[in-house]
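Working notes, structure below.
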């Protein structure tokens, strides 16, 4: 089954404790992207990757890092999480951009 | 001002009604996307279009590039259509970007 998976789905952590949210797709897509969704602000793009080893900043990259060492994986790294990074995070992939995107199920992160 | 504006913010309809959700944008675009987010939170892509009109079942999406406007229509609405519908654009200046509207919350009552 074609899908985008994210782990963990739910995470509660404390300020400053490094964490990684994984994202993996099985569709051989070149393009992958991370978004955060906040009430009143909607979806905003954090980082995207056009292909292996090629990444770029989106609208709200501060406080986040990404890497794309393999085509299927695109982890999101929060080196020192802060409460303002409490949010619902989505990973998505597509053949290229702009094409139809396939979204992961979301990761709800709470930073206390 | 947001680059992508949707209206209405909230919409309540009776089952069977014809529904229209509007999206206006202020930048040149490579493509426009309509997404559906169900109450459980998952997001599904409904349409991607850069011109004209697309139809999938009871859903129709249109776009007018000159007027920078798109509409999503739902014919014969059903309670299972209740969801948040989100318009997003891939700007022409960088089509790897995605800019989102705030979403329209649709409730269809039986």
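Each value in this text was obtained by applying a stated rule to the coordinates, not by laboratory testing. None of these values were measured; they are calculated from a predicted model. For neighbour counting, all protein chains shown are included, and Cβ atoms are generated from backbone atoms with ideal geometry for every residue, glycine included.
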Counting only DSSP beta bridges with both residues in the protein assembly as shown, tell me the antiparallel percent, nearest 5. 90 percent
Which residue, A:46, A:12, A:77, tops the fluctuation ranking in a GNM of chain A built on C-alpha contacts under 10 Å? A:12
Euclidean distance between Cα centres, region A:1-36 to region B:16-44, Å: 23 Å
Sorted by Cβ density within 10 Å, fewest first, the residues B:70, A:49, A:24: A:24, A:49, B:70
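Beyond 18 Å, what percent of the Cα pairs of region A:27-110 remain? Intermediate values should be presented prior to the final figure.
On the way: 1301 of 3486 pairs.
Here the long-distance tail beyond 18 Å is 37 percent of all Cα pairs in region A:27-110.
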Output needed for region B:1-96: three equivalent-ellipsoid semi-axes, defined as square roots of 5 times the C-alpha gyration tensor eigenvalues, in descending order, whole Å. 23, 14, 12
Describe numerically, in nm with one decimal, the distance between label points set 7 Å from Cα along Cα→Cβ at residue A:59 and at residue B:67. 2.5 nm
Measure of compaction for region A:1-62 (Cα Rg per 2.2 N^0.38 Å): 1.26
Once the cut-off is 15 Å, how many percent of the Cα-Cα pairs in region B:32-72 end up in the long-distance tail? 42 percent
Evaluate region B:49-110: find the radius of gyration of its Cα atoms, find its Kirkwood radius, and give the ratio Rg to Rh. 1.02
Could you compute how fast the protein assembly as shown diffuses translationally, taking Rh as the Kirkwood radius over C-alpha pairs and applying Stokes-Einstein at 4 °C with viscosity 1.567 mPa s? Give it in µm² per second. 72 µm²/s
